[in-house]
Amino acid sequence: MQETVPADWTLYDRDMPTPDDVEAVRTYCRELARRGLLTPSWPTEFGGREASSWEQVVISEELWGAGEPRGSQYMGVTWIGPALMLAGTPEQKERHLPRIARGEAMWAQGFSEPGAGSDLAALQTAARRDGDHYVVNGQKIWTSYAQAADHIFLLVRTAPERYGISILMVPMDLPGIEVREIPTLGFSHVVHEVFFSDVHVPADCLLGAENEGWSLIRTILANERVGIARHERADRSLDELVAEAADADVPLGDPHVQEVLGRAAAAAAASRVLNYVAADAAYRDSADRATAASVYRVAMGQMEHGITHAYLDVLGPEALDAGSRGDYSVIFSTTSTIASGTTEVQLNNVARNVLGLPKG
Ligand SMILES: Cc1cc2nc3c(=O)[nH]c(=O)nc-3n(C[C@H](O)[C@H](O)[C@H](O)COP(=O)(O)OP(=O)(O)OC[C@H]3O[C@@H](n4cnc5c(N)ncnc54)[C@H](O)[C@@H]3O)c2cc1C
């Protein structure tokens with residue numbers, strides 16, 4: 001597969017900041033699909049080859065280890081496709097699943113709003129049924145990949161009750177959708193605001209029943225949180241760090257250096273094992289799958305911070321020069337404890353569901 005990755009590809013390009021990056025991702029994913037590596041565990045009827053879920057985990061690890069030149073396509077594979085299989089109409093499955101399985105679909109996740117992040121159920125973007133359309137008004141924020149997406153998986157309020165939430169799979173080229181990039185300081189990840197002004201969305205874009213999107217969302221979020229193999233990239237970053245340190249004549253036998261590297265390696269190993277536990281719970285559809293995902297996410301954030309700390313401590317501040325592995329590590333660790341649910345919120349879940357502590 002390496003030969004289909006552009007020669008100058010870097011980890012920054014996985015966020016697809018330029019049209020060339022978007023095209024590179026499409027080319028790469030089409031090739032992954034052609035070789036049966038994009039959706040291996042999906043049913044044959046939807047473009048998979050019914051491989052075990054664990055084979056998909058191994059492939060995901062290899063892709064993450066290599067810098068994952070998949071852009072946003074992991075979303076279609078990891079949670080949007082499974083959500084469609086669970087709740088989509090035959091027509092919706094036919095419309096979306098083959099495109100995902102062929103490596104052609106680009107999705108964005110329209111969940112967060114200025115007033116609804118951790119408290120996602122507070123979302124206010126409204127969809128009002130009008131004949132055979134929904135009319136959507138509101139704003140999403142921090143939307144990754146919106147610049148390249150052909151569809152957005154959009155959470156909307158369709159009833160005033162707290163959980164009166166529905167899911168619309170909205171084509172991004174409908175009139176009334178405006179995407180604005182949010183400039184960020186210090187890290188490259190491309191995020192956006194997405195505005196919806198009287199957007200007429202065909203009613204057949206509704207996934208599942210109206211006002212009953214919340215339970216599906218909870219399943220989706222558990223899937224989203226286990227499908228990524230950051231531990232593999234962390235292990236390879238640590239190998240590179242040790243090699244760089246040896247080249248720079250850092251005394252690798254120094255007890256402090258050994259302790260820092262040992263702690264980072266232990267955190268990566270723990271994160272790997274907890275990822276497998278969470279994946280196993282998800283594949284068995286076990287009742288504690290969401291909790292297992294929260295435990296994993298906390299460990300993963302600690303791992304990412306441990307790697308950054310190791311770069312800084314072992315190689316010094318120059319290890320964080322722009323474009324270096326250490327620099328990527330700062331980006332990954334900064335976002336890893338926020339995106340897909342913050343560490344504090346994951347800890348709350350663990351406190352409630354594992355330790356039986358009261359809410360709040
Ligand atoms: C790189 C990146 C990419 C993202 N991509 C997307 C995307 O594609 N689509 C999308 O929809 N969203 C995306 N997000 C948004 C992300 O899901 C939210 O940032 C996250 O859910 C937190 O919400 P918030 O930013 O509103 O923070 P808030 O919820 O306002 O939280 C602010 C702080 O308060 C803490 N806090 C909040 N509630 C509690 C509580 N009950 N107990 C203890 N502490 C609490 C939080 O831990 C945090 O430290 C992305 C974020 C990042 C960083």
**Asked** Amide H to amide H, which residues 5 or more places from Ser41 or on other chains are under 5 Å from it, using H placed in the peptide plane?
**Response** Arg49, Ala51
**Complete:** Distance in Å, no decimals, from the C-alpha centre of the stretch 240-261 to the one of the stretch 304-355 is 20 Å
**Asked** Mind checking the log10 I(q)/I(0) for the stretch 109-211 at q = 0.11, 0.14 Å⁻¹? Debye, one equal scatterer per Cα, no solvent, two decimals.
**Response** -0.31, -0.49
**Prompt:** Using the Cα gyration tensor of the stretch 229-353, with a ≥ b ≥ c the square roots of its eigenvalues, what is the shape: rounded (a/c below 1.5), prolate (a/b larger than b/c) or oblate (neither)?
**Reply:** prolate
**Asked** When the Karplus curve 6.51 cos²θ - 1.76 cosθ + 1.60 is applied with θ = phi - 60°, which whole-Hz ³J(HN,Hα) does each residue of the stretch 274-280 get, with x for Gly and Pro?
**Response** 5, 5, 5, 4, 5, 5, 4
**Item:** Stokes-Einstein D in µm²/s, Kirkwood radius over Cα pairs - the stretch 132-184 at 25 °C with 0.890 mPa s viscosity
**Value:** 195 µm²/s
**Request:** Calculate the translational D of the chain in whole µm² s⁻¹ from Stokes-Einstein, where the hydrodynamic radius comes from the Kirkwood formula applied to all Cα pairs, the temperature is 37 °C and the viscosity 0.692 mPa s.
**Result:** 154 µm²/s
**Prompt:** Considering amide H positions built from the backbone, and no H for Pro or chain starts, which residues 5 or more places from His133, or on another chain, come under 5 Å of its amide H?
**Reply:** Ala203
**Item:** Kirkwood Rh and Cα Rg combined as Rg/Rh, the stretch 1-59
**Value:** 1.05
**Using alpha-carbon coordinates, inclination of helix 325-336 to the longest axis of the chain, degrees** = 40 degrees
**Complete:** Placing +1 on each Lys and Arg Cβ and -1 on each Asp and Glu Cβ in the stretch 6-143, then taking the dipole about the Cα centre, the residue among Leu37, Ala87, Gln73 whose Cα reaches farthest towards the positive end is Ala87
**Message:** Using the crude model of +1 on Lys and Arg Cβ and -1 on Asp and Glu Cβ, and no other charge, please compute the dipole size for the chain relative to its Cα centre, in debye to 20.
**Reply:** 1260 debye
**Size of charge dipole - the stretch 2-105 - debye, nearest 20, with Cβ of Lys, Arg +1 and Asp, Glu -1, no other charges** = 380 debye
**Complete:** Applied in sequence order to the stretch 163-175, the curve 6.51 cos²θ - 1.76 cosθ + 1.60 (Karplus, θ = phi - 60°) yields integer Hz couplings, x standing for Gly and Pro, of 9, x, 10, 10, 10, 10, 9, 9, x, 6, 8, 5, x
**Whole-angstrom gap from the stretch 131-160 to the stretch 199-223, using each part's C-alpha centre** = 11 Å
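A short reminder: the numbers here are calculations on the coordinates, not readings from a lab. All values derive from a computational prediction rather than experimental measurement. In this analysis, Cβ positions are derived from the backbone assuming ideal geometry, glycine residues included, and neighbour counts consider all displayed protein chains.
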